[in-house]
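Reviewing the structure listed below.
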């Protein structure tokens, strides 16, 4: 991995890029108006581009960058504010002041909804296994500005942990969270999921195991929730109570603790 600036840059962006490179432990690369393709050919490494409005991660050999954006949370939050039913909130049964642990953070779309629902007195923690994804999401959550004040505040409340959720779960105390949540990469690809398509190249594909579910049940005082493809065998494998939705490609299942 190398760190550089956007094509059009200034001294402030250069200094920011240098500082980020130092913090992450990666070398800084002077852009000199070179294209991403040119830098790839020279360096043969992933590239983190520091721009004015966002950071972009270009994986070697891939054309589309990965960057933080709230994905579906933007319109879900507006519907939530208008009092519409949110399937995620129904499945998790979250309330004001609860503690929520997202073991598969990704772009934090569900964690944002959890933070909205649990409010200023709640706690939302997300675990992300990929170091660069964790960094992009952590910085994105703190700096993204939407036109909805409640959503901006909710994003800033989320704590991001970088690491393996299996290992982190095993270290947590009994009943330390109200809800523990899993949204693993589906075995079946949803063609319409363009918002997360680039993540498939960097996501961790660790299977849920009996040990992980047992740890989740130990850590959660209220329930463990799984989001998965409607054809997934994981619901039956672990005995989840499934909330089936006729028109949805994915369902939510939960285990009461």
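Tabulated values for the structure
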{"item": "Selection status of residue 153, modelled with pLDDT of 95 or more, closer than 30 Å to residue 53 by Cβ, surrounded by fewer than 16 Cβ atoms within 10 Å (Cβ to Cβ) and under 14 Å from the mean Cα position of the chain (by Cα)", "result": "no"}
{"item": "Qualifying positions in the range 118-137 - under 11 Å from the mean Cα position of the chain (by Cα) and closer than 15 Å to residue 50 by Cα", "result": "133, 135, 136, 137"}
{"item": "Failed item, numbered, when residue 97 is tested on (1) part of a loop (DSSP other than H, G, I, E, B); (2) on the phi < 0 side of the Ramachandran plot; (3) within 23 Å of the chain's Cα centre (by Cα); (4) exposed (fewer than 15 other Cβ atoms within 10 Å of the Cβ)", "result": "(2)"}
{"item": "Single match in 52, 78 (criterion: within 22 Å of residue 156 (Cβ to Cβ), in contact (Cβ under 8 Å) with a residue 40 or more places away in the chain, out of contact with any strand residue (DSSP E or B) (no Cβ under 8 Å at 6 or more places or on another chain) and not assigned by TED's automatic domain parsing to the domain that holds residue 208)", "result": "52"}
{"item": "Considering residues of the range 32-56 that are part of a loop (DSSP other than H, G, I, E, B) and at negative phi only, the residue surrounded by the most Cβ atoms within 10 Å (Cβ to Cβ)", "result": "46"}
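For (1) assigned by TED's automatic domain parsing to the domain that holds residue 133; (2) modelled with pLDDT under 95; (3) over 23 Å from the mean Cα position of the chain (by Cα), each residue gets a yes or a no:
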residue	(1), (2), (3)
7	no, yes, yes
11	no, yes, yes
21	no, no, no
34	no, yes, yes
40	no, no, yes
43	no, no, yes
48	no, no, no
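The values are calculated or read from the model by the stated rules, or taken from the named source; none is laboratory data. All values reported here derive from a predicted model rather than from experimental measurement. Backbone-built Cβ (ideal geometry, glycine too); neighbour counts: all protein chains shown.
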